[in-house]
Amino acid sequence: MAIEIEDKFDVPVDYEIPDLTGVRGAAEVVGPRSHQLVAIYFDTADLRLAARGITLRRRRGGADAGWHLKLPKAKGVRQEITHPLTKSAKIVPPDLAQLVLAFTRGAALAPIAELDTRRSVTLLRGPDGRTLLEVADDRVKGTVFGAEPHVERWREVEAELIAADDDALLRKVGKRLRKAGAVPADSASKLSRLLNGAAPAPVPAPAPTSPGSAGEVVVGYLRTQVNALLAQDPRVRRAEEDAVHQMRVASRRLRSALKAFKSVVPDTRPLQDELKWLGNELGEVRDLEVIRARFGKLLGGLPDELVVGPVAHRLGSDLEAKESQAYDRVRVSLGGERYFGLLNSLEALVAAPPLTERAGRPAAKTLTAVAAKQWHRVTGAYDTAQAIEDQDERDIAMHEVRKAAKRARYTAEALGMTELARRAEDVQETLGVHQDGVIAQELLEREAETARRAGEDAFTYGVLVGLERAAADRAYARFPKVWKKTTAAVHGILG
């Protein structure tokens, strides 16, 4: 995987690449060198990838022949995933096809276009001989496949950073190219330019809502979280760091918003249930990621004499193997019709939400009342928990306080009430430290029993249980102070 940072320019047929010697930051200009590149692009019949700015191609020629999948990431920056050339020119490698399942929703991928490019490459190198930037001058023949193939020819120039820590160099080169007559490209990619008249299947358009209304704020937030969920999907399939956590957070924020704002967007209970299902499917991997990192940190902080037996293996490699198996189960879930149905429902919701009369009211007054209601749920759960005499039952009830605080936090975040969100997070995090410590103790006790049955010394597990219990007890003891400070602050915010 690589991150592309580039600027693209449209140029006339008789354009001349300017002299790039003397550009500050580059010591040497090498080239130009020519390559012939032939790329076959793949998409669904209704161009679902093109509609989202995603390109999937098989390219021959040049230094990077192979399969390339380019996913949108940010303005001027794209995530590119590569795969070696395969024997078949018509079948997408399964691991790449998996990465776009959230967008194809299981529809077949087939060749849709070909780009035949005569590329002239000029390299800018640093004092150490390292390539810093590449300027590609492309003369392109594009063909859209179909009953009546459509052919276009054009020329364009790309300046791409190879050493991605020198944005200033990219700007300087871009300035020279523009001064010579280049203009910023109208299309994000060659394929999007070629398909301009092919009318890709549109991503659901934003729902019409009144400016400044409660509906505009809520639907805008929902759309942001749907996009966040989709953006994490390929990263989860690749088991990238923090991807499962971010996807799970997006699903939880969506579910929380649908619950909190039911007076604006009603009748979403089935969708909430499906989001809960997705969160649960992601939960096993996330829990194993967290606990493995947690135990690794604890073990790393112990003196050598306190680490007895193969405890590091059991709490490291064994848990990692379980995590890998859990990832396999997640990939199965993300490749199923239930998940595709959820994505379809989410996109349909933000495109045409069943808005109530309240959706047309001013956002500030309408939604502040929702935020206050969510916080009152937190205080109500706290009062209920404190009225319970049995300690174990009270601890279980305090977990409901944490869940209510998380929902209040997400609601406040959706409304831009950052101070209220921060206060709710304080409650959530403090109770979370206690809850995580309790869960960690239970897992350690199970691992200790497994070790004992295998004839291993369980001493270190006892040490770790003690550390977890102490951390949980400290959080529990700290909570009354956090609660008092938080409730006073929230009273000032909500009045």
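The values are calculated or read from the model by the stated rules, or taken from the named source; none is laboratory data. Please read all numbers here as calculations on a predicted model, not as lab measurements. Here the Cβ is made from the backbone with ideal geometry for all residues, glycine too, and neighbour counts use every protein chain on show. To get the accessible areas, we keep the full protein, side chains included, count just its heavy atoms, and leave off ligands, DNA and RNA. Shrake-Rupley method; radii C 1.70, N 1.55, O 1.52, S 1.80 Å.
Does Asp64 fit the bill of being in a loop (DSSP other than H, G, I, E, B) and open to solvent by 70 Å² or more (accessible area, probe 1.4 Å)?
Judged against the criteria, Asp64 is not a match.
Within segment 183-198, is even one residue open to solvent by less than 60 Å² (accessible area, probe 1.4 Å), part of a helix (DSSP H, G or I), in contact (Cβ under 8 Å) with a residue 60 or more places away in the chain and over 25 Å from Ala50 (Cβ atoms)?
No: segment 183-198 contains no residue that is open to solvent by less than 60 Å² (accessible area, probe 1.4 Å), part of a helix (DSSP H, G or I), in contact (Cβ under 8 Å) with a residue 60 or more places away in the chain and over 25 Å from Ala50 (Cβ atoms).
What are the pairs, 6+ residues apart or on separate chains, where a residue within segment 126-151 that is under 30 Å from Glu28 (Cβ atoms) and assigned to a loop (DSSP other than H, G, I, E, B) has its Cβ under 6 Å from a residue that is of a type in the set (A, V, I, L, M, F, W, C) and open to solvent by less than 20 Å² (accessible area, probe 1.4 Å)?
Final answer for the pair search is Gly126/Leu132.
Can you pull out every residue in segment 30-48 that is closer than 24 Å to Arg155 by Cα and either surrounded by fewer than 17 Cβ atoms within 10 Å (Cβ to Cβ) or in contact with a Gly (Cβ under 8 Å, 6 or more places away or on another chain) (or both)?
Those that are closer than 24 Å to Arg155 by Cα and either surrounded by fewer than 17 Cβ atoms within 10 Å (Cβ to Cβ) or in contact with a Gly (Cβ under 8 Å, 6 or more places away or on another chain) (or both): Val30, Gly31, Pro32, Arg33, Ser34, His35, Gln36, Leu37, Val38.
Counting only residues that are surrounded by fewer than 17 Cβ atoms within 10 Å (Cβ to Cβ) and of a type outside the set (Lys, Arg), which one in segment 108-119 is farthest from Arg33 (Cα to Cα)?
Ala108
Search segment 396-408 for residues being open to solvent by 40 Å² or more (accessible area, probe 1.4 Å) and of a type outside the set (Lys, Arg), and hand back the single one that is nearest to Thr430 (Cα to Cα).
His399
Does Phe459 qualify as being among the aromatic types (Phe, Trp, Tyr), open to solvent by 60 Å² or more (accessible area, probe 1.4 Å) and closer than 24 Å to Lys297 by Cβ?
yes
Can you spot a residue in segment 296-307 that is open to solvent by less than 10 Å² (accessible area, probe 1.4 Å) and touching a residue at least 24 places away in the same chain (Cβ under 8 Å)?
Scanning segment 296-307, I find no residue that is open to solvent by less than 10 Å² (accessible area, probe 1.4 Å) and touching a residue at least 24 places away in the same chain (Cβ under 8 Å), so the answer is no.
As an exercise: evaluate Lys90 against (1) farther than 26 Å from Asp137 by Cα; (2) in contact with a helix residue (DSSP H, G or I) (Cβ under 8 Å, 6 or more places away or on another chain) and give the number of the one condition it does not meet.
The number of the failed condition is (2).
Can you work out which of the residues in segment 248-303 that are among the acidic types (Asp, Glu) and assigned to a helix (DSSP H, G or I) is farthest from the chain's Cα centre (by Cα)?
Filtering segment 248-303 for residues that are among the acidic types (Asp, Glu) and assigned to a helix (DSSP H, G or I), the one farthest from the chain's Cα centre (by Cα) comes out as Asp273.
Of all residues in segment 324-348, count the ones that are open to solvent by 20 Å² or more (accessible area, probe 1.4 Å), of a type outside the set (Val, Ile, Thr) and outside any loop (DSSP other than H, G, I, E, B).
Residues meeting the conditions: 13.
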